[in-house]
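This report refers to the structure that appears directly beneath it.
The values are calculated or read from the model by the stated rules, or taken from the named source; none is laboratory data. Nothing here was measured: the structure is a model prediction, and the numbers come from that model. In this analysis, Cβ positions are derived from the backbone assuming ideal geometry, glycine residues included, and neighbour counts consider all displayed protein chains.
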Amino acid sequence: MSGLHAERISVTLGSTVALRDVSFAAPRGWTAIVGPNGAGKSTLLRALAGLQRVDAGLVRLGDRPLAAIPARVRAQRIAWLAQQGEAGGELTVREVVQLGRLPALGLFGAPGADDEARVDRAMADAECSAWQQRRLHELSGGERQRVLVARALAVDAPWLLLDEPTTHLDPPHQVALVRLMRRQAAAGTAVLSVLHDLTLALLADTLVVMAGGAIVAQARSDDPGLQAALVEVFDRAIRIERAGRHWIAVPDLGDE
């Protein structure tokens, strides 16, 4: 699978420097990107998806500049879930998920049996098959989010980029999404997700810690240096503790 790389990219949004000379090679497996508000997490993910113009530097997919790859080809290689993703409210759930097949079919292509099978699998994986004939506007926020995750899965791309995918999800479905990202990664998909829930992020294969538009740490969750960086970027308001086989983030109230 071709690598996805950012080479010394910088992005300014209005008067704010969102990314400062960032270099990043997306690893295999599931990578969680974390950091305080305004750290540049979503901007980095959008740049890697080819959705954010960079002011300096370059994003590459394999040996080609991402900006030089036709949009349809990019969409076949990189599936994207936006932070505030939305789709036509009058469409049914199945119709929304079918939109994920557009990069493969083109604007006027007709879906075949293989496309419909991928749609079925995506809905099953995102646990939204039961309401596939309901319209999107009839669903709760959490239900809509599962549909939009399914749409991204239906692309069946080697890269899956998810910006805050747990938005609106209750705890059981947050856990289900973590299991799904792990399964996707185990099957060979490179999964990159921006997460605010640090305990969920600590379950990823790799963590990327950002602050001030820069990457300050990148390692496994059990790496002491990464854990120290997490505590530091969140102003020592958290502690990282062991809980069974996993690491969790807990509030540090300073009086315990």
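Just one of the listed residues (GLN227, GLN174) is polar (S, T, N, Q) and over 28 Å from ILE9 (Cβ atoms), and it is GLN174.
Just one of the numbered conditions (1) closer than 23 Å to LEU207 by Cα; (2) without any contact (Cβ under 8 Å) to a residue 24 or more places away in the chain; (3) not in a loop (DSSP other than H, G, I, E, B) is not true of ALA67: (1). Among all positions in segment 40-48, there is at least one residue which is touching a Leu at 6+ places or on another chain (Cβ under 8 Å), under 26 Å from ASP170 (Cβ atoms) and of a type in the set (A, V, I, L, M, F, W, C).
To keep it simple, each residue is scored yes or no on (1) touching a strand residue (DSSP E or B) at 6+ places or on another chain (Cβ under 7 Å); (2) polar (S, T, N, Q).
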residue: PRO171; (1), (2): no, no
residue: ALA176; (1), (2): no, no
residue: MET181; (1), (2): yes, no
residue: GLN184; (1), (2): yes, yes
residue: ALA187; (1), (2): no, no
residue: ASP197; (1), (2): no, no
residue: ALA214; (1), (2): yes, no
residue: SER221; (1), (2): yes, yes
residue: GLY225; (1), (2): yes, no
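Determine whether VAL194 is without any contact (Cβ under 8 Å) to a residue 40 or more places away in the chain, within 19 Å of ARG28 (Cα to Cα) and crowded, with 19+ Cβ neighbours inside 10 Å. In short, no.
Selection of segment 12-42 for residues being more than 13 Å from GLY212 (Cβ to Cβ) and in a strand (DSSP E or B) yields THR12, LEU13, SER23, PHE24, ALA25, TRP30, THR31, ALA32, ILE33, VAL34. Taking segment 217-237 as the range and being of a type in the set (Gly, Ala, Ser), in a helix (DSSP H, G or I) and surrounded by fewer than 19 Cβ atoms within 10 Å (Cβ to Cβ) as the test, the residues that pass are GLY225, ALA228. Looking across segment 70-101, the residues that are part of a helix (DSSP H, G or I), over 14 Å from ALA157 (Cβ atoms) and in contact (Cβ under 8 Å) with a residue 40 or more places away in the chain come down to VAL93, VAL96, VAL97, GLN98.
Counting only helices (runs of 4 or more DSSP H) wholly contained in segment 102-216, the ones carrying 2 or more residues that are modelled with pLDDT of 95 or more, among the small types (Gly, Ala, Ser) and within 26 Å of TRP247 (Cα to Cα) occupy 171-186.
Output yes when any residue across segment 181-188 is under 15 Å from the mean Cα position of the chain (by Cα), surrounded by 23 or more Cβ atoms within 10 Å (Cβ to Cβ) and in contact (Cβ under 8 Å) with a residue 12 or more places away in the chain, and no when none is. The answer is yes; a qualifying residue exists.
Any idea which residue in segment 46-64 is farthest from THR16 (Cα to Cα), counting only those that are assigned to a helix (DSSP H, G or I) and in contact (Cβ under 8 Å) with a residue 60 or more places away in the chain? This residue is LEU48.
The numbered conditions (1) under 30 Å from TRP131 (Cβ atoms); (2) over 14 Å from the mean Cα position of the chain (by Cα); (3) surrounded by fewer than 22 Cβ atoms within 10 Å (Cβ to Cβ) are all true for VAL93 except (3). Do the conditions hold for PRO36, that is, is it modelled with pLDDT of 95 or more, closer than 20 Å to LEU202 by Cβ and surrounded by fewer than 18 Cβ atoms within 10 Å (Cβ to Cβ)? When the stated conditions are applied, PRO36 passes them. The set of residues from segment 238-256 being under 25 Å from the mean Cα position of the chain (by Cα) and in a loop (DSSP other than H, G, I, E, B) comprises just one member, ARG245. When segment 232-256 is filtered for residues that are under 30 Å from SER15 (Cα atoms), aliphatic (A, V, I, L, M) and out of contact with any strand residue (DSSP E or B) (no Cβ under 6 Å at 6 or more places or on another chain), only ALA237 remains.
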